[in-house]
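Just below is one structure, and these are the notes that go with it.
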Amino acid sequence: MRLARTAPWAAALAAAAAAALLLVPASASAGQQGAAPAPPAGVGVADYYAPAQGKTGPALKAALHGIIRNQSKVTYDQVWNALKVTDEDPANRNNVILVYSGRSQAKSTNGGGANDWNREHVWAKSHGDFGTATGPGTDLHHLRPEDVTVNSTRGNKDFDRGGSPVAEAPGSLTDADSFEPRDAVKGDVARMLLYMAVRYEGGDGFANLEMNDRVNNGSLPATGRISVLKQWHRMDPPDAFEQRRNQVIYDTYQHNRNPFIDHPEWVDQIW
């Protein structure tokens, strides 16, 4: 199998996740919109992805879309409180971890001030012009807390290597047309974007979001660079924070999962 040669960590991680991770019943509904039911007790990851097993390429992508499109939705206002749960600092329950900055910051400091944290759309909302509409604009699988100033610096840039250091985001770099996150979340960023490209295929009244290998995508429903993002995915495999986040979104809020956290090997089987 091709991935076993290029990224042996992926198959082992996926096997461990499928064997060991059980999905527990959802907790409070958090006021979601939409029709996806809370997951039943005892449903495992392997059962959730059963329709995708044995598929590759476009067939795998289509099967995953059919699975993860079944979700509850939160409003943009509800995202504030959801992020306080999904991105909670495991060492300090009063704080969240900012995605690019890596800073632990008080949950109560969300807002619009220069040193507050706000809602970063990792898939820039202008890439497909979906704004903050319930759907891609509020999908927790790509929304993360970030310092207001750093969020503004990232703007709607695509992801690539290089640039100058970003103030308040140690290890992150930026230039005129791209942003490079710190090493510890490079894979997180890649998997969030790949999730979006599978989840939103043009059937929800929103644009068909796709990956490409360029920057300066502007308002196109596309994000790049896929070649770099795949490398980041391999070098930074899913960690406990990312896995917990995926589980909380599934259990409590949207009742769908990011397949590339559960099955990292599927990235190379699709792209």
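The values are calculated or read from the model by the stated rules, or taken from the named source; none is laboratory data. Because the structure is a prediction, the values reported are computed rather than measured. All Cβ positions, even for glycine, are placed from backbone atoms using ideal geometry, and neighbour counts span all protein chains on display. Remember, those area values only see protein heavy atoms, side chains included, never the ligands or the DNA or RNA. Shrake-Rupley method; radii C 1.70, N 1.55, O 1.52, S 1.80 Å.
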> Using a 1.4 angstrom probe and counting only protein chains, how large is the accessible area of Leu220 in Å², to 10?
Replying inline: 80
>> If R₀ is 41 angstrom, what is the calculated FRET efficiency for the pair Asn92 and Gln231, using the beta carbon separation as r and rounding to 0.05?
In response: 0.80
>> At 1.4 Å probe radius, can you tell me the per residue accessible area of the range 70-186 in Å²?
In response: 37
> So which lysines can Lys84 reach, going by Cα to Cα under 22 Å and dropping same-chain residues fewer than 8 places off?
Replying inline: Lys73, Lys107, Lys125, Lys186
> With the contact rule set at Cα under 8 Å and sequence spacing of 6 or more, what percent relative contact order holds for the range 147-198?
Replying inline: 26
> Can you give the accessible area per residue of the range 212-264, in Å², using a 1.4 Å probe?
Replying inline: 32
> Label points 7 Å out from Cα along the Cβ direction at Ala114 and Lys55: separation in nm?
Replying inline: 5.0
>> At 0.36 nm per residue, and after removing the present C-alpha to C-alpha distance, how many nm does the segment from Asp77 to Ala106 gain when stretched out fully?
In response: 8.6 nm
> Relative to the present Cα-Cα distance, how much length would full extension add between Ala62 and Ser126 at 0.36 nm per residue of separation?
Replying inline: 20.6 nm
> How far is it, in nm, from the label point at Asn212 to the one at Asp239 when both lie 7 Å from their Cα along the line to the Cβ?
Replying inline: 3.3
